[in-house]
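Trainee: Shown below is the structure under consideration.
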Amino acid sequence: MGTRMRDLLGDVLGSLRYERTDKRLRAYLAGEPVADTTDGRLVWEPGRVVPGYAVPVADVAARLEPAAGDAAPSHSCAGSGFDVIAGEARRVAAAFRPNDPDLADHVILEFGAFEWREEDEPVVAHPHDPYHRIDILASSRRVRVELDGRVLAESSRPLLLFETGLPVRFYLPRADIAVDLQPSDTVTYCAYKGRAAYFAVPGGPPDLAWSYPHPLREAEPVRDRVAFFDERVDTIVDGEHRPRPVTPWSR
């Protein structure tokens, strides 16, 4: 009997996973160097689906001071926790040595505590996962988006964005949106697509749709197009209603 890849990956979700990367990794704190290595590791902590970075202790330029007991990281794979000091800046409990012999000479740095570069390019949200990708394909399928019977958009020129582990998203031209989109203050970041801006529709719930006005290179084709949360609207493709997916964005 075959094994569905998603199930196979789910079976190891509770374990510590790692993979060597050949990318040059650099971390900064308030402009000061924290680490610079070509011998880094991508590390998926138990229960996490996105990775962090581990770097050899020998490649850490910042000072590491033992974190106070109540500030030490509580990760299930954490050993010793450290404050990171670079110049005048300090990040409390932003690093730890994992309890794993394969990573004994490495320290895991909290991604959000630092500014990162892979080679010379900035990284947002989280490190790039070599087993996660996006594909953007032009389509002539007819897509209609409705909310309580009200047509929000209709297009026969969607771009379909396929992302590992997520539902397909339909990115539609602005000209094919049938309602006035109301900008929201909500902003999120995706490591593969960039900074997303969100919209409500008149009389509808907040943050029902989003767009990437300045996408990262991989997502350039969807620049300024609009996608709706299929979890919260009715999406009809070539006359057939698609079931609403159940994801963390369902409400």
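Trainee: Counting Lys and Arg as +1 and Asp and Glu as -1, each charge on the Cβ, what is the dipole of the stretch 134-242 about the Cα centre in debye, to the nearest 20?
Mentor: Around 280 debye, computed over the stretch 134-242.
Trainee: Let me ask something additional. Give me the number: length gained by fully extending Ile236 to Arg24, i.e. 0.36 nm times residue separation minus the C-alpha to C-alpha distance, one decimal in nm.
Mentor: Residue separation times 0.36 nm, minus the Cα-Cα distance, leaves 71.9 nm.
Trainee: Now for a separate question. Go through Ala153, Tyr198, Ser250 and say which Cα lies farthest out towards the positive end of the charge dipole of the chain; charges sit on Cβ, +1 for Lys and Arg, -1 for Asp and Glu.
Mentor: Farthest along the dipole direction, towards plus: Ala153.
Trainee: Work out, step by step, the length gained on full extension between Asn99 and Asp7: first 0.36 nm times the residue separation, then minus their alpha carbon distance; give nm to one decimal.
Mentor: Separation in residues times 0.36 nm, less the Cα-Cα distance, equals 30.5 nm.
Trainee: Ok, one more. Run the dipole for the chain about the Cα centre, Lys and Arg Cβ at +1, Asp and Glu Cβ at -1, nothing else charged, and hand back the magnitude in debye, nearest 20.
Mentor: About 680 debye.
Trainee: Take Thr188 and Asp120, extend 7 Å from each Cα along the Cα→Cβ direction, and tell me the distance between the two endpoints in nm.
Mentor: 3.3 nm
Trainee: How much accessible area per residue does the stretch 5-123 have, counting only protein heavy atoms and a probe of 1.4 Å, in square angstrom?
Mentor: 52 Å²
Trainee: Once you charge only the Cβ atoms, +1 for Lys and Arg and -1 for Asp and Glu, what is the size of the charge dipole of the stretch 81-146 about its Cα centre, to the nearest 20 debye?
Mentor: So the magnitude is around 500 debye.
Trainee: If the chain between Tyr131 and Ala175 were fully stretched, how many nm would it gain, using 0.36 nm times the residue separation less the Cα-Cα distance?
Mentor: 12.4 nm
Trainee: Relative contact order for the chain: what is it in percent, counting Cα pairs under 8 Å that are at least 6 residues apart?
Mentor: Relative contact order, the chain: 12 percent.
Trainee: Place the peptides 22-29, 171-178 in order of packing, highest mean first, counting for every residue the other Cβ atoms within 10 Å and averaging per peptide.
Mentor: By packing density, highest mean first, the sequence is 22-29, 171-178.
Trainee: Accessible area per residue, 1.4 Å probe, Å², for the stretch 174-251: what's the number?
Mentor: Details: 4160 Å² over 78 residues.
Value returned for the stretch 174-251: 53 Å² of accessible area per residue.
Trainee: Heavy-atom accessible area of Arg90 with all protein chains present, probe 1.4 Å, nearest 10 Å²?
Mentor: Rounded to the nearest 10, the figure is 110 Å².
Trainee: Can you give the helix-only mean residue ellipticity at 222 nm for the chain, where every DSSP H stretch with n ≥ 4 adds -39500 (n - 2.57) and the sum goes over all residues, rounded to the nearest 500 deg cm²/dmol?
Mentor: So the calculated ellipticity at 222 nm is -500 deg cm²/dmol.
Trainee: Please report the carbon-and-sulfur percent of the accessible area for the chain; probe 1.4 Å, protein heavy atoms only, DNA, RNA and ligands left out. All intermediate terms of the calculation are to be shown ahead of the outcome.
Mentor: Working: 6540 of 13280 Å².
The C+S portion of the solvent-accessible surface of the chain is 49 percent.
The values are calculated or read from the model by the stated rules, or taken from the named source; none is laboratory data. In this text the structure is predicted, and so the values were computed from the model without any measurement. Don't worry about glycine lacking a Cβ; one is built from the backbone with ideal geometry, like all the others, and counts go over all protein chains shown. Ligands, DNA and RNA are stripped out before the accessible areas are found, and what is left, the full protein with its side chains, is counted by its heavy atoms. Shrake-Rupley method; radii C 1.70, N 1.55, O 1.52, S 1.80 Å.
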